[in-house]
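Note sheet for the following structure.
The values are calculated or read from the model by the stated rules, or taken from the named source; none is laboratory data. For clarity, every value in this text was computed on a predicted model and none was experimentally measured. Every residue, glycine among them, receives a Cβ derived from its backbone with ideal geometry; neighbour counts consider all protein chains shown.
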Amino acid sequence: MEKDKQRLLDERYMRMAVIWAENSYCVRRKVGALIVKDKMIISDGYNGTPSGFENICEDENNETKPYVLHAEANAITKVACSHNSSMGATMYVTSSPCIECAKLIIQAGIKRVVYCQKYRRSDGASLLERAGIEVVYLDIDVIYNE
Ligand SMILES: [Zn+2]
């Protein structure tokens with residue numbers, strides 16, 4: 001029963017993260033992330049350039065600019081600017097984290113990561129598991145059809 005409740009919550013937060021990804025002005029890929037603690041959304045993020053920079057993620061060759069922040073990094077750094085703590089929180093992210101974001105997630109004290117789209121590399125998810133973080137994959141089709 002508890003398991004089902006958690007599953008329902010996971011699916012709902014994941015749908016919210018998918019909607020949040022729509023905020024991204026990146027053309028190549030839009031990623032959304034939410035950080036949830038004690039059933040409260042304490043932070044959110046989507047991939048994009050740092051505050052104050054132009055809202056364009058790709059250069060003239062359609063390559064992602066090197067200073068574009070990933071959704072996970074934006075969500076974690078937003079907590080750093082707040083009075084909240086991500087210690088023990090769950091992150092919902094629409095795509096499996098890359099290795100750079102995985103390092104940030106570990107250091108931010110996040111204990112669970114739920115994602116719904118597999119990224120081309122899985123080294124980020126493997127690193128999270130090595131750090132004892134629970135990694136949950138929710139199929140994007142399932143979260144819209146249950
Ligand atoms: Zn990343």
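Descriptive notes on the structure:
- For the condition modelled with pLDDT under 95 and either within 12 Å of the ligand (Cβ to nearest atom) or not in a loop (DSSP other than H, G, I, E, B) (or both), VAL142 qualifies.
- The residues of the range 54-71 that are within 12 Å of the ligand (Cβ to nearest atom), more than 21 Å from TYR137 (Cα to Cα) and of a type in the set (A, V, I, L, M, F, W, C), listed by number, are VAL68, LEU69.
- Check on SER51, over 20 Å from VAL36 (Cβ atoms), within 16 Å of the ligand (Cβ to nearest atom), among the small types (Gly, Ala, Ser) and surrounded by fewer than 23 Cβ atoms within 10 Å (Cβ to Cβ): no
- Residues considered: MET16, MET87, MET91. Of these, the only one that is within 17 Å of the chain's Cα centre (by Cα), surrounded by 18 or more Cβ atoms within 10 Å (Cβ to Cβ) and of a type in the set (A, V, I, L, M) is MET91.
- Of the residues making up the range 19-40, those that are farther than 21 Å from THR64 by Cα and buried (at least 16 other Cβ atoms within 10 Å of the Cβ) are LEU34, ILE35, VAL36, LYS37.
- Of all residues in the range 72-101 being in a helix (DSSP H, G or I) and among the polar types (S, T, N, Q), the one that is nearest to the ligand (Cβ to nearest atom): ASN74
- Here the condition is being crowded, with 17+ Cβ neighbours inside 10 Å, under 19 Å from TYR13 (Cα atoms), touching an Asp or Glu at 6+ places or on another chain (Cβ under 8 Å) and of a type in the set (A, V, I, L, M); of VAL79, VAL142, VAL114, VAL136, it holds for VAL114 alone.
- Residue within the range 56-63 that is polar (S, T, N, Q), in contact with a strand residue (DSSP E or B) (Cβ under 8 Å, 6 or more places away or on another chain) and either buried (at least 17 other Cβ atoms within 10 Å of the Cβ) or in a loop (DSSP other than H, G, I, E, B) (or both) present: no
- Residue in the range 7-23 that is assigned to a loop (DSSP other than H, G, I, E, B) and either of a type in the set (Val, Ile, Thr) or modelled with pLDDT of 95 or more (or both) present: yes
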